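Rule-based calculations on the coordinates, nothing more; no lab input. Keep in mind that this is a model prediction, so the values were computed, not measured. A quick note on method: Cβ atoms are made from the backbone with ideal geometry, for glycine too, and the neighbour counts reach across all protein chains shown.
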Amino acid sequence: MDSIKNFLNIDSLQGYKKPVLSQSVEEVINALSEFMECVRYLNTRRSKTNLNLDSEEAVQDTIYIMLRPWVMDIRPESPTGKVANRYSIKDFLLPALRTVIEVKFIRDKTHGKSISQEINDDIETYRYHPQCDNLIFFIYDPDALIPDRLQLEKHVTSKRSYSDKTLTCFCIIKP
């Protein structure tokens, strides 16, 4: 029995490091910031596997694959409660970090110009979500259709205080 325990003791393997589980929102943001590096790696491998990031769902799948190994409690899409006569679908919930990740795919020029309003609506919805203290917007804009991305990042990335809670918002725009 001891030999089996020793065999399964991964600490004894030379050079092996245990996976590090996400401890902070900053670590998740840092991982999401490496999105394009992950896509580049997969698209330049020897195999004929290429990521075709042509929809919001494809970007969501890629983010899930990136985060799942070390954000063990990541939960994919589910509806939030009804707020102001509308439901919202959160893309990912990270309960231990009290964080929601909202993925946006800029599909055309009109959407690029209106994304700010869509994000503002989402912020208004998530301020009421009981498990959301941090809201990360990951925006994939493959054709650079957002008119002023720096201004959008500056506008979104902030701490908002409401009478009953604080909501910290982050914005990552790729590529």
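At-a-glance table
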quantity: Rounded Å value of the spacing that divides the Cα centres of the range 39-54 and the range 133-164; calculated: 27
quantity: Among 127-136, 109-118, the order from most to least packed when residues are scored by Cβ within 10 Å on average; calculated: 127-136, 109-118
quantity: Per DSSP, loop trypsin sites (Lys or Arg not before Pro) in the range 30-60 with at most 12 further Cβ within 10 Å; calculated: Arg45, Arg46, Lys48
quantity: Size of charge dipole - the range 20-174 - debye, nearest 20, with Cβ of Lys, Arg +1 and Asp, Glu -1, no other charges; calculated: 80
quantity: Sites matching GluC sites (Glu not before Pro) across the range 21-71 that sit in DSSP coil, with at most 15 neighbouring C-beta atoms within 10 Å; calculated: Glu34
quantity: Along principal axes, Cα extents of the range 20-174, largest first, whole Å; calculated: 54, 39, 26
